[in-house]
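J.: One structure is given below, represented as structure tokens, and several questions about it will come after.
The values are calculated or read from the model by the stated rules, or taken from the named source; none is laboratory data. Not measured: the values here are computed from a predicted model. Quick reminder, even Gly has a Cβ in these numbers, built from the backbone with ideal geometry, and neighbours come from all protein chains shown.
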Amino acid sequence: MENYPTIQIAPALKYSKHVELRGIVTGPPSKAIDWSEQYSIKRDNIYNYNTFDSIVSIAEIDIVYFVLPNFMHAEYKIRVMQAGKHINCEKPIAMNPAECKSMITASKKANKKLQIGYRLFYDSHHLALIKLSKYQVPSKIKMVETSLGFGMARLGMWRIDKKKGGGGAIMDLGPYTNQA
């Protein structure tokens, strides 16, 4: 996930007309300085995992985008909703159905939105394929072959650890190739 927030999400937010990056949660203090300088984030809006709950006091932050390893989702999502913030999160939503139910309950109780930031639901190519498969040629489709080029076989990578990734590569990358 290291590259996703730093190389993809944060730079893209600079071009958004509807969203501004107003705060971050990071581990190492050196990253906090870099993020503050690069994105003009107030130092008071930079949290670590020990100061995370202070987010409740920052009115200018109304939605939190989670780019955490899957095993950390439930705890932090529930804390964010209890702090009165909406959530957009990477998939999968949870490690198991019980965690998912607890987040949905927290969302309803706090009256806050809980959304999965799964971009392919909005991708024009995938939407066309879904339409084609559902309405135009379902009986003619005999096989669909998909592939994805993403290196996950690095030692220590949390994504391939079932206890941290919630099912390994299938849960993390499988939806991209079979969601239609």
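J.: I'm told M95 meets every condition in (1) closer than 25 Å to K163 by Cβ; (2) in a helix (DSSP H, G or I); (3) among the aliphatic types (A, V, I, L, M) except one. Can you identify the failing condition by its number?
T.: Status for M95: all satisfied but (2).
J.: Sticking with this one: How many residues does region 46-69 hold that are outside any strand (DSSP E or B) and under 22 Å from A110 (Cα atoms)?
T.: Residues flagged as outside any strand (DSSP E or B) and under 22 Å from A110 (Cα atoms) within region 46-69 amount to 15.
J.: Would you mention how many residues in region 27-45 are in a loop (DSSP other than H, G, I, E, B), at pLDDT below 85 and either touching a Ser or Thr at 6+ places or on another chain (Cβ under 9 Å) or polar (S, T, N, Q) (or both)?
T.: Start the filter on region 27-45 by keeping residues that are in a loop (DSSP other than H, G, I, E, B), which leaves 27-28, 40-42.
This time we only want the ones that are at pLDDT below 85, so: 27-28.
Filter once more, so that each one left must be either touching a Ser or Thr at 6+ places or on another chain (Cβ under 9 Å) or polar (S, T, N, Q) (or both): none.
Number of matching residues: 0.
J.: Residue by residue through region 105-129, note down the ones that are modelled with pLDDT of 80 or more, exposed (fewer than 14 other Cβ atoms within 10 Å of the Cβ) and in a helix (DSSP H, G or I).
T.: T105, K108, K109, S124, H125, L127, A128
J.: Have a look at S16, S102 and point out the one that is assigned to a helix (DSSP H, G or I) and of a type in the set (S, T, Y).
T.: Answer to the selection: S102.
J.: A further question follows. Please identify the pairs in which a residue from region 137-157 that is closer than 25 Å to P69 by Cα and among the aliphatic types (A, V, I, L, M) has its Cβ atom under 6 Å from the Cβ atom of a residue that is modelled with pLDDT of 70 or more and exposed (fewer than 10 other Cβ atoms within 10 Å of the Cβ), counting only partners at least 6 apart or on another chain.
T.: Sorted first by the residue in region 137-157, then by its partner, the list stays empty.
J.: Run down I78, I87 and say which single residue is among the hydrophobic types (A, V, I, L, M, F, W, C), touching a Lys or Arg at 6+ places or on another chain (Cβ under 7 Å) and modelled with pLDDT of 85 or more.
T.: Within the list I78, I87, the selection yields I87.
J.: Within region 81-92, how many residues turn out to be in a loop (DSSP other than H, G, I, E, B) and either in contact (Cβ under 8 Å) with a residue 40 or more places away in the chain or out of contact with any helix residue (DSSP H, G or I) (no Cβ under 7 Å at 6 or more places or on another chain) (or both)?
T.: Step one: filter region 81-92 for residues in a loop (DSSP other than H, G, I, E, B), giving 83-85, 90-92.
Next, from what is left, pick out any that are either in contact (Cβ under 8 Å) with a residue 40 or more places away in the chain or out of contact with any helix residue (DSSP H, G or I) (no Cβ under 7 Å at 6 or more places or on another chain) (or both): 90-92.
Total meeting the criteria: 3.
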